[in-house]
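Written below as structure tokens is the structure these notes are about.
The values are calculated or read from the model by the stated rules, or taken from the named source; none is laboratory data. What you see is a predicted model, and the numbers here were worked out from it, not measured in a lab. Cβ placement follows ideal geometry from the backbone for every residue including glycine, while neighbour counts extend to all protein chains displayed. Accessible surface is based on the protein model in full, side chains and every heavy atom, while ligands, DNA and RNA are left aside. Shrake-Rupley method; radii C 1.70, N 1.55, O 1.52, S 1.80 Å.
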Amino acid sequence: QAQLVESGGGLVQPGGSLRLSCAASGSIFTLYTMGWYRQPPGKQRELVATITSGNSTNYADSVKGRFTISRDNAKNTVYLQMNSLKPEDTAVYYCNGVRNLRYFASWGQGTQVTVSS
């Protein structure tokens, strides 16, 4: 079974930084476009950033210029570097991948990011 485990969340002040990690296992990670998603309290899950198998990236307008998605195929891991954090970035952050219209795995537990003074 394919599995994704997110980590690295926590409580940070506005303007701070955080680096999230997503460890993948159980499938061929290198073939998938990977993405980070987030779900603020009381809202739907939204796509934040994507990175293809060829390292092409895309970002939601709300995080463009502040967040950077990257991947290390040797470690089967995708990262999200978050800088200049704002209170509206507060959410549970999830990772997943897509290939041939299929998700890499079921949604995991995610990791909580709270931005507050």
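A few notes on this one:
- Protein accessible area in the chain, 1.4 Å probe - carbon and sulfur %: 45
- Net charge contributed by nearby residues that have their C-beta within less than 13 Å of LEU31 (K/R +1, D/E -1): +3
- Excluding exposed DSSP-loop trypsin sites (Lys or Arg not before Pro) (at most 14 other C-beta within 10 Å), longest clean stretch of the chain: 65-117
- Per residue accessible area of the range 19-117, 1.4 Å probe, in Å²: 53
- Point-charge dipole on Cβ atoms (K/R +1, D/E -1) for the chain, about Cα centre, debye to 20: 140
- All other residues whose Cβ lies under 14 angstrom from that of LEU20 are scored, Lys and Arg at +1 and Asp and Glu at -1, for a net of +1.
- Once the Cα-Cα distance is subtracted from the 0.36 nm per residue extended length, the ASN100 to THR52 segment shows a gain of 16.0 nm.
- Ellipsoid semi-axes for the chain, based on the Cα gyration tensor and the rule √(5λ), read 23, 14, 13 Å when sorted largest first.
- Charge dipole (the chain, unit charges on Cβ, about Cα centre) - positive-most of GLN81, ASN100, GLY42: ASN100
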